[in-house]
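Asker: Can you read through this structure? Questions will come right after.
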Amino acid sequence: QVQLAESGGGLVQAGGSLRLSCAASGSILSIDAMGWHRQAPGKERELVASITSGGRTMYADSVKGRFTISRDNAKNTVYLQMNSLKPDDTAVYYCNERVGSNRWRNYWGQGTQVTVSS
């Protein structure tokens, strides 16, 4: 298990871009998969992107073609590049590690706030 710290959120206009970072306290090489979730006010937390140890990526339909998840193992960091942002993308974004099929570690950090204005 490693500690995760999200950063990079902020306020941006619709159509703009942000790059989120997830810094891990230790190696992520052996972790099955890393992912980004988000939670908007009054809504359930949802998985938006993931990347496996082998490099396979997955995206929610709502962000496909706009978001890109990547990993830098040397820096123990996972990124989420978000382009063409929409107001519906407004949420707190969380990084987490997968521990099974569609199962994630039962710890959630502070997250980073993304607000998209229109």
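All of the numbers you see were taken from the coordinates with simple rules; none came from a lab. In this text the structure is predicted, and so the values were computed from the model without any measurement. For neighbour counting, all protein chains shown are included, and Cβ atoms are generated from backbone atoms with ideal geometry for every residue, glycine included.
Asker: Can you order the peptides 109-116, 61-68 by their average number of other Cβ atoms within 10 Å per residue, highest first?
Answerer: Values: 109-116: 17.0, 61-68: 14.4.
Highest to lowest by the protection proxy: 109-116, 61-68.
Asker: Can you give the extra length, in nm with one decimal, that the chain gains between V99 and L29 once fully stretched, where that is 0.36 nm per residue apart less the Cα-Cα distance? Don't skip to the answer; put the middle values down first.
Answerer: Details: separation 70, 0.36 × 70 = 25.20 nm, distance 1.38 nm.
Gain on stretching V99 to L29: 23.8 nm.
Asker: Starting from the Cα-Cα distance between M58 and D72, subtract it from 0.36 nm times their residue separation and give me the gain in nm to one decimal.
Answerer: Numbers: separation 14, 0.36 × 14 = 5.04 nm, distance 1.70 nm.
Once the chain is fully extended between M58 and D72, it gains 3.3 nm.
Asker: With a cut-off of 8 Å between alpha carbons and a minimum separation of six or more residues, what is the relative contact order of the stretch 1-74 in percent?
Answerer: Working: 89 pairs, mean separation 15.6, N = 74.
The normalised contact order for the stretch 1-74 reaches 21 percent.
Asker: Same structure, new question: Please sort 5-12, 42-49 by packing, taking for each peptide the average over its residues of neighbouring beta carbons within 10 angstrom, highest first.
Answerer: Working: 5-12: 16.0, 42-49: 14.2.
Listed from highest to lowest mean packing, they are 5-12, 42-49.
Asker: Right, something else. For Q110 and Q3, calculate 0.36 nm times their separation in residues minus their Cα-Cα distance, and state this gained length in nm to one decimal.
Answerer: Working: separation 107, 0.36 × 107 = 38.52 nm, distance 1.15 nm.
Gain on stretching Q110 to Q3: 37.4 nm.
Asker: Next question, about the same structure. Setting aside same-chain residues fewer than 8 positions from K43, which lysines have a Cα under 30 Å from its Cα?
Answerer: Once the sequence-local lysines are set aside, what remains near K43 is K64, K86.
Asker: Given a Förster distance of 22 Å, report the FRET efficiency between S118 and N83 from their Cβ-Cβ distance, rounded to the nearest 0.05.
Answerer: 0.85
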